[in-house]
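Coordinate-derived values only; no laboratory data. Everything numeric in this text was worked out from a predicted model, so none of it was measured. Neighbour counts are summed over all protein chains in view; Cβ atoms, including those assigned to glycine, are modelled from backbone coordinates with ideal geometry.
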Amino acid sequence: VVMLGLDAAGKTTILYKLHIGEILSTVPTIGFNVEKVQYKNVLFTVWDVGGQEKLRPLWKHYFSTTDGLIYVVDSLDRERIGKAKAEFQAIVNDPLMRNSVILVFANKQDM
C-alpha cells in the first residue's frame, strides 16, 4: 500500500498510529517511511512517501508495485484543496493504478 498526499497532510502520523497505535511527533518526510502494519488478520506493508512538491514526480515509481492507495488530504488546508484534488486525479488516472484499491483519508477532522 502506498500512502500519498500533499506535504503536512498527516501521512506519517497516520502510519505510526496504524503501526504502533500511538501518535508520535514527526518531522517532514524527505524520501519515505515504510512499516508493516497488521490489522486483524491482515498484514500489509505501507509506504509513506514525502509530499513536498519536489518529491511528487517520484510518486509514480511506486504505482507499478502497489495494490492500494491511501490518499491523505488535510481537511483544514482550504488553500491547497484544489492542488490536493489535482494530484489525486493525476494518480488515479495513471494506467498503473487502474487495479488498485483506493481510500481517500480526510485528515484533521477533529481540529
Practice problem: Find how many whole Å separate the alpha carbon centroid of segment 24-58 from the alpha carbon centroid of segment 74-111. | Solution: 15
Practice problem: Find out how many positive minus negative residues lie around residue 80, taking Lys and Arg as positive, Asp and Glu as negative, among other residues whose Cβ is under 12 Å from that of residue 80. | Solution: -3
Self-check item: Neighbourhood charge, 14 Å Cβ-Cβ cut-off, centred on residue 110 and excluding it, Lys, Arg +1 and Asp, Glu -1
Solution: +1
Quiz item: Where the Cα atoms of segment 2-107 are projected onto their three principal axes, how long is each span, largest first, in whole Å?
Solution: 33, 30, 22
Self-check item: Highest to lowest packing among 13-23, 77-87, scored as the average C-beta count within 10 Å
Solution: 13-23, 77-87
Practice problem: Can you tell me which of 24-33, 63-72 comes out highest on packing, and rank the rest after it, using the mean Cβ neighbours within 10 Å? | Solution: 63-72, 24-33
Quiz item: With labels modelled as points extended 7 Å from the Cα through the Cβ direction, what inter-label distance (nm, one decimal) is found for residue 30 paired with residue 45?
Solution: 2.5
Practice problem: Place a +1 charge on the Cβ of each Lys and Arg in segment 2-107 and a -1 charge on the Cβ of each Asp and Glu, then give the dipole magnitude about the Cα centre in debye, rounded to the nearest 20. | Solution: 160
Quiz item: So which lysines pass the test for residue 36, namely a Cα distance under 29 Å, with those fewer than 8 places away in the same chain ruled out?
Solution: 11, 17, 54, 60, 85, 108
